[in-house]
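Trainee: Please see the structure below; I have some questions.
The values are calculated or read from the model by the stated rules, or taken from the named source; none is laboratory data. Small disclaimer: the values here were computed from a predicted structure and weren't measured. Using ideal geometry, Cβ is built from the backbone for each residue, glycine included, and neighbour counts are taken over all protein chains shown. Remember, those area values only see protein heavy atoms, side chains included, never the ligands or the DNA or RNA. Shrake-Rupley method; radii C 1.70, N 1.55, O 1.52, S 1.80 Å.
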Amino acid sequence: MISQKSLKIQKEFSKYAKSYDKYNVIQKKVAKELLSKVVQKKYANVVDLGAGSGTIYHYLSPKISYKNFFALDYSIEMLNIHPSDTKIIKKIYDFNTQSLSCLDLECIDLLISSSSLQRCNNFNKAIYDIVHHSSDIALAIFTNNTFKTLHQIASIKSPII
């Protein structure tokens, strides 16, 4: 079951999905920097946790080869604007209520999360899930003031202490 807090955030992202790429300048810079640290390599399964409109996919594709790219997001509108390809599997996913085991994979070879983990209700649970399902991990984790405006718009308190 999705929490009220998650529903508020989902509604905000869904509402502005089509214009999101115009304003996510910081998220793009963070994603590019995060991926500069990923070693060039072949992966079977790559997961983008909080895939949004596909920033990670755009920056990752020329650098890394993979068999499957899982774009996970809890906004269907964001996933609708995420690029599509035969290797991309899009799934509605909420790390507050689901586990990565729902992907039914033996192992996630590379898990990337840029600009999404600050919306965790239970950060320890999310990190535990990521660590136990993933071989390589690339995360960008923000403080409670990073998305202050988003929290004000959604009328929620930051889940990061």
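Trainee: Going through the stretch 76-120 one residue at a time, which ones are in contact (Cβ under 8 Å) with a residue 60 or more places away in the chain and out of contact with any strand residue (DSSP E or B) (no Cβ under 8 Å at 6 or more places or on another chain)?
Mentor: E77, M78, N80, I81, D94, N96, T97, R119
Trainee: Just checking, does the stretch 89-98 include any residue being of a type in the set (V, I, T), touching a Lys or Arg at 6+ places or on another chain (Cβ under 7 Å) and either assigned to a loop (DSSP other than H, G, I, E, B) or surrounded by fewer than 18 Cβ atoms within 10 Å (Cβ to Cβ) (or both)?
Mentor: no
Trainee: Write out, first by first residue and then by second, each pair whose Cβ atoms fall under 8 Å of each other, whose residues are 6+ apart or on separate chains, and whose first residue, in the stretch 34-50, is touching a residue at least 12 places away in the same chain (Cβ under 8 Å) while the second is open to solvent by 100 Å² or more (accessible area, probe 1.4 Å).
Mentor: Going by the 8 Å Cβ cut-off, the qualifying pairs are Y43/K67; A44/K67; N45/K67.
Trainee: Further question on the same structure: Go through the residues of the stretch 23-40 one by one and say whether even a single one is modelled with pLDDT of 90 or more, of a type outside the set (A, V, I, L, M, F, W, C) and under 12 Å from S115 (Cβ atoms).
Mentor: Looking for residues that are modelled with pLDDT of 90 or more, of a type outside the set (A, V, I, L, M, F, W, C) and under 12 Å from S115 (Cβ atoms), one finds none in the stretch 23-40, hence no.
Trainee: Could you look through the stretch 65-87, keep only residues that are outside any helix (DSSP H, G or I) and farther than 12 Å from D48 by Cβ, and pick out the one that is least open to solvent (accessible area, probe 1.4 Å)?
Mentor: The extreme case among them is S75.
Trainee: Restricted to the stretch 41-52, and to residues that are open to solvent by 10 Å² or more (accessible area, probe 1.4 Å) and in a loop (DSSP other than H, G, I, E, B), which residue is modelled with the highest pLDDT?
Mentor: Restricting to residues being open to solvent by 10 Å² or more (accessible area, probe 1.4 Å) and in a loop (DSSP other than H, G, I, E, B), the top hit is G50.
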